[in-house]
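Encoded as structure tokens, the structure appears first; notes follow it.
Read the figures in this text as sums done on the coordinates, not as results from a lab. A quick note: this is a predicted structure, and the numbers were derived from the prediction, not measured. Here the Cβ positions follow ideal geometry from the backbone for every residue, glycine too, while neighbour counts run over all protein chains shown.
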Amino acid sequence: MSNIFIIKKNFNKNEKFEFIERKGVGHPDTLADLLAEYLSNKYSRYTLEKFGVVLHHNFDKVGLLGGASFVTFGKGYLTKPIKVLINGRASISCGLVDIPVKKLIEQWVKEFFKNRLYKLDPDKHLKIVFNLSSQSSPGKTYEKESKNSVRKFWFEPRTINDLPEIKQLVSNDTSIGVGYAPRSVLEEMVLDIEKTLNSEKYRKKRPWTGFDIKIMAFREGFNVKMTICIPQIADRVKSIEEYKQNIEIADRDIKNIICKYKKKVKNFELNINTRDKFDCSEVYLTAIGSSIESGDEGLVGRGNRINQLISINKPMSMEGACGKNPVYHIGKVYYLFALKLANKIYKKFGIKNEVYLASQSGRDLLDPWISVVAVPHNFSKVAEVNKFLLKEFKTIPKMTELIIKGKDNLA
């Protein structure tokens, strides 16, 4: 059984200050994350419908290489396409049935960008580069004794009985998933601002707003400083004066959002687009609303963590969760499960907490190698938490269905 440790911790020790970063939905790294997860979900649903199981795959190495654009006040368009690097692995058949993987992925990539960046024409502005493999991880050998090895048919199962997870779910890797609860006030503020500015409702009101909104926030006591980059869409901005007016409008809109948190914030300092140089019209003007149009790159795992933030004062994993197999990939299943578990503990016991779940490659997925829950010093119901964990571990397989349905935004 699991090695479970309930550790007492002083949660007030490191709360005098915090840094929070959020890369918005149009940031190249976030786009890469969201695309990888979109492909995994689509592939999972496709194979579930066709074969009754989620076939082996991972798209967690997807990359985006920025194109080029022409922008001037009142006009903007792409001059070079954005490259979409489809790195990863996917099962290419099941039994006698071939899977048109490339055709499907091309269709899904275009769907994704059409829904995310409305000014981008997927047929004109995307160049999809495939680098897919159907090779299994180490463990597949060609020794005589390996004829019954599950690795031999990892991505080309003869029947679904070649998928070992049908008989027993085991960890694919030695890794760790982490989570904590609750979010801090600053975390809630940052998410609130970015999600508001990137909402359809706000865009109807301020149609010049781009998608690639990035926030860095710092809190010291009750004092908050925030710097935000907000791109503007060129054909919705007619002059430098209009651009400046839009900055002022955004400033007011953000400060109105902050008013909701006035009991927790005494002083608030806001800076927007600090790189702008108005004397030479060097401003954050874009054709489609994202820096991916002009040479920037995006890679899975370089952006927001699974809690949709980069909270460097809090525990986090370097795993790129998006695009990983939702059945047994620890970097996704344990990571998301740890976050949900932390929130359940907070709701049930009313305490701040941190959850760490470490796996061993090949170990039963329902039995983490080491589990640690950090609780406040004055918390006394340790035995109850231990019992709660053992009960919750049995629900780990339910994560797969939640992930495939897209119930959780992982970036």
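Scan the range 92-110 for residues that are without any contact (Cβ under 8 Å) to a residue 40 or more places away in the chain and under 19 Å from residue 66 (Cα atoms) and the total you get is 2.
Quick one: in the range 221-269, which of the residues that are polar (S, T, N, Q) and outside any strand (DSSP E or B) is surrounded by the most Cβ atoms within 10 Å (Cβ to Cβ)? Talk me through it step by step, then tell me what you get.
Kept after step one, since they are polar (S, T, N, Q), are these residues of the range 221-269: 223, 227, 232, 239, 245-246, 256, 267.
Checking the rest, the ones that are also outside any strand (DSSP E or B) come to 239, 245-246, 256.
Values: 239: 11, 245: 13, 246: 19, 256: 10.
The residue in question is 246.
Test of understanding: among 211, 218, which residue is in contact (Cβ under 8 Å) with a residue 60 or more places away in the chain, closer than 26 Å to residue 304 by Cβ, buried (at least 20 other Cβ atoms within 10 Å of the Cβ) and within 29 Å of the chain's Cα centre (by Cα)? Spell out how you get there, then give the answer.
Numbers: 218 fails: buried (at least 20 other Cβ atoms within 10 Å of the Cβ).
One residue alone meets the criteria, 211.
Residue pairs whose Cβ atoms lie under 8 Å apart, sitting 6 or more positions apart in sequence or on different chains, and linking a residue in the range 76-91 that is in contact (Cβ under 8 Å) with a residue 60 or more places away in the chain to a partner that is of a type in the set (Lys, Arg), are 78/124; 82/127; 88/61. Taking the criterion of being out of contact with any helix residue (DSSP H, G or I) (no Cβ under 7 Å at 6 or more places or on another chain) and part of a loop (DSSP other than H, G, I, E, B), the residues of the range 370-411 that qualify are 377, 378, 379, 380, 394, 395, 397, 405, 407, 409.
Within the range 17-29, does at least one residue satisfy the condition of being exposed (fewer than 14 other Cβ atoms within 10 Å of the Cβ), in contact with a helix residue (DSSP H, G or I) (Cβ under 7 Å, 6 or more places away or on another chain) and more than 30 Å from residue 369 (Cα to Cα)? No; the residues of the range 17-29 include none that is exposed (fewer than 14 other Cβ atoms within 10 Å of the Cβ), in contact with a helix residue (DSSP H, G or I) (Cβ under 7 Å, 6 or more places away or on another chain) and more than 30 Å from residue 369 (Cα to Cα). Do we find a residue being under 22 Å from residue 26 (Cα atoms), in contact (Cβ under 8 Å) with a residue 60 or more places away in the chain and under 23 Å from the mean Cα position of the chain (by Cα) anywhere in the range 239-255? Within the range 239-255 (the criterion being under 22 Å from residue 26 (Cα atoms), in contact (Cβ under 8 Å) with a residue 60 or more places away in the chain and under 23 Å from the mean Cα position of the chain (by Cα)), the answer is no, since none of the residues qualifies. Taken over the range 55-80, residues that are surrounded by 20 or more Cβ atoms within 10 Å (Cβ to Cβ), part of a loop (DSSP other than H, G, I, E, B) and of a type outside the set (Asp, Glu) amount to 5. If the condition is being out of contact with any Asp or Glu (no Cβ under 8 Å at 6 or more places or on another chain) and among the aliphatic types (A, V, I, L, M), then the range 248-285 contributes 249, 250, 254, 258, 265, 285.
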